[in-house]
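S.K.: Structure below; questions to follow.
The values are calculated or read from the model by the stated rules, or taken from the named source; none is laboratory data. Every value quoted in this text rests on a predicted model; they were computed, and no experiment measured them. Glycine gets a Cβ as well: all are built from the backbone with ideal geometry, and neighbour counts include every protein chain shown.
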Amino acid sequence: MTSDARSRLTVLRAESAARVAATAATLAELMHDREGSNDDDEHDPEGVTLSSEWSRLTGLAEAAGSELRQVDDAIARLDAGTYGVCAHCGRPIPAARLEVRPFATHCVACAEKLGL
């Protein structure tokens, strides 16, 4: 399970890092577009406003960054030998849960109990 888990986490990490980079680049472009612009884009009937696009991209960047941190934490648990062990009860996290959520820190019962 360890090598399979490491492979899955490595792929997931690369995908997450790519999303972080892509959203950062797009946010940088948007910031560049907003420089020197005092226009009120809230009343532009031609499409998405800069403010709403900024908000959307910020949310995507935060989600990608959060996933990347979770994957990095899972890799650290794998290295420490605690990957797949519930942080609350100490029992093994079922393989099916790790298949769906490879960075899970809790078994289903504990996650429900803790409201995670």
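S.K.: Do we have SER51 as at pLDDT below 90 and either in contact with a helix residue (DSSP H, G or I) (Cβ under 9 Å, 6 or more places away or on another chain) or among the aliphatic types (A, V, I, L, M) (or both) here? Reasoning before the result, please.
M.R.: Numbers: at pLDDT below 90: yes; either in contact with a helix residue (DSSP H, G or I) (Cβ under 9 Å, 6 or more places away or on another chain) or among the aliphatic types (A, V, I, L, M) (or both): yes.
Here the answer is yes, as SER51 does meet what is asked.
S.K.: For the stretch 70-91, how many residues meet the condition of being assigned to a loop (DSSP other than H, G, I, E, B) and without any contact (Cβ under 8 Å) to a residue 24 or more places away in the chain?
M.R.: Of the residues in that region, 6 qualify.
S.K.: In addition: Kindly provide the set of residues from the stretch 92-116 that are in a loop (DSSP other than H, G, I, E, B) and surrounded by 13 or more Cβ atoms within 10 Å (Cβ to Cβ), ordered by number. I'd like the intermediate steps shown before the answer.
M.R.: Within the stretch 92-116, the first condition is being in a loop (DSSP other than H, G, I, E, B), and the residues that meet it are 93-94, 101-107, 115-116.
Scanning the stretch 92-116 gives ILE93, PRO94, ARG101, PRO102, PHE103, ALA104, THR105, HIS106, CYS107.
S.K.: Can SER37 be described as at pLDDT below 85, assigned to a helix (DSSP H, G or I) and among the hydroxyl-bearing types (Ser, Thr, Tyr)?
M.R.: On the way: at pLDDT below 85: yes; assigned to a helix (DSSP H, G or I): no; among the hydroxyl-bearing types (Ser, Thr, Tyr): yes.
Against the criterion (at pLDDT below 85, assigned to a helix (DSSP H, G or I) and among the hydroxyl-bearing types (Ser, Thr, Tyr)), SER37 does not qualify.
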